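Report on one structure; see the data block that follows.
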Amino acid sequence: MKAAIHVKSLGGFERGFSVIVCRACKDPPCAKACPTDALIPRKGGGVIFYANKCIGCRACVDACPIGAVFWDDSVNKPIICVYCGYCVDFCPHGVIALKEVE
């Protein structure tokens, strides 16, 4: 599985970093853009991805306003965050958290 999170530099250690990851939209534009219902809104926000329904059109990538839907060229499908929290355990600075938002 490939990572559904991207950390990019804002110009070196002095300027910091930006974390791009799915924000679990309550009304996800990526799901609205999917013509085959491969992305279904999840209760509480975000989406569930059904890879077998995906036709590789990339509409979800274009629809995400924060650029958090990444693409896996090797399988021609999106990389979608599944909210597992795995990335939290590997952040050496403790700046990533997985928590319910009311």
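Bear in mind that the values in this text are calculations on the coordinates, not laboratory data. Just so we're clear, the structure is a prediction, and the values are computed from it rather than from any experiment. Counting neighbours? That spans all protein chains shown, and the Cβs are built from the backbone with ideal geometry, glycine included.
For trypsin sites (Lys or Arg not before Pro), the sites in region 1-60 that DSSP calls loop and that have at most 12 other Cβ atoms within 10 Å are K2, R15, K26, K43.
Of the listed pairs K43/K77; K2/K77; K26/K99, which have alpha-carbon separations greater than 21 Å here? Table pairs above 21 Å Cα-Cα are K43/K77.
Within the same chain, aspartates and glutamates fewer than 8 places from K53 are excluded, and of the rest, those with a Cα less than 15 Å from its Cα are D37. Straight-line cross-link partners of K32 among the aspartates and glutamates, defined as a Cα under 13 Å from its Cα and at least 8 positions apart when in the same chain: D62. Inter-label distance, V19 to A3: 1.1 nm, where each label sits 7 Å from its Cα along the C-beta direction.
At a Cβ-Cβ separation cutoff of 4.7 angstrom, cysteine residues of the chain with no neighbouring cysteine are C25, C34, C54, C57, C64, C84, C87, C91. For the pair C57 and L10 in one chain, pulling the backbone fully straight at 0.36 nm per residue adds 13.9 nm over the alpha carbon distance.
Two numbers describe the Cα atoms of region 5-90: Rg and Dmax, which are 13.8, 44 Å.
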